[in-house]
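The values are calculated or read from the model by the stated rules, or taken from the named source; none is laboratory data. Every value quoted in this text rests on a predicted model; they were computed, and no experiment measured them. Because the Cβ atoms are built from the backbone with ideal geometry, glycine has one as well, and the counts that use them run over all protein chains shown.
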Amino acid sequence: MFDHRTTSETSRTRLEALAAKASADPSPKTVVFTSSDGVADPPPRFRWARRKADRLVERWLPDAAPPRKRRALYASVAATTGLAVLVAVWWQAPTPEAPPDLPVAVAAVTSNPPAPLVVNVVGEVPTPGLVTVPSGARVADAITAAGGVNPGIRPLGVNLARKVVDGEQVSVGTAPPPAAAEPSPDEKLDLNTATKDQLDGLPGVGPVTAQRILDRRTKRGPFTSLDQLREIEGIGDNRLVKLRELVRL
């Protein structure tokens, strides 16, 4: 069986013999040559012995290789090991999961669009009658929807910038209807056509009683006799006597 220990001792014996032979040089001058690994080289004529010794060391004693070669070997092994560790860590690292897509909240429309407005445009316009305008429209928009103003007519007294309301009437180039004429002191008030303000102006008749007269006239029709005023709450015989002199049918 091969004995590694015996081989190592034999190699060391040979190396010592070679070193003793090299040191027996009778030359008085000694020139020291330094190798790249920091170890002193023998003179040129003994370099063959050094190279031979190095080959023997590398062959029989791998562990005794020159320091520079060992450092290069260690660096190569360390670099290879580090690269293998990095590859293993990268391979085993979990892949980051992308965050789930969140649904985009859509604001619910809770308000309905405003309804259009219907306005009655009369007077000096090409197409008088009902027109439809959007919510927020003004008098000028309603007149434009009716075809505008007739040639030669100036809409004086009409506020074109006013916002219209649904169901109103806009008059263009026409005089407003005259207000109801107040009855003269000698003229009696028509009980079936009088307004609330006119009835309120009668002595002994306030706004509440005037409204009751209008409600009775609306529900049961025109009065056919002044005596029917007794049916109105708040009108007694004494007050009826005074009203006979101020109202008529």
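Scan region 214-234 for residues that are surrounded by 11 or more Cβ atoms within 10 Å (Cβ to Cβ), at pLDDT 85 or above and of a type outside the set (D, E, K, R) and jot them down.
Answer for region 214-234, where residues must be surrounded by 11 or more Cβ atoms within 10 Å (Cβ to Cβ), at pLDDT 85 or above and of a type outside the set (D, E, K, R): Leu214, Pro222, Phe223, Leu226, Gln228, Leu229, Ile232.
Answer yes or no as to whether Leu249 is at pLDDT 85 or above and either surrounded by 10 or more Cβ atoms within 10 Å (Cβ to Cβ) or closer than 30 Å to Ala115 by Cα (or both).
Spelling it out, it is not the case that Leu249 is at pLDDT 85 or above and either surrounded by 10 or more Cβ atoms within 10 Å (Cβ to Cβ) or closer than 30 Å to Ala115 by Cα (or both).
Testing Val165 on (1) within 41 Å of the chain's Cα centre (by Cα); (2) modelled with pLDDT of 90 or more; (3) assigned to a loop (DSSP other than H, G, I, E, B), one condition comes back false. Which one is that?
Val165 satisfies all of (1) within 41 Å of the chain's Cα centre (by Cα); (2) modelled with pLDDT of 90 or more; (3) assigned to a loop (DSSP other than H, G, I, E, B) except (2).
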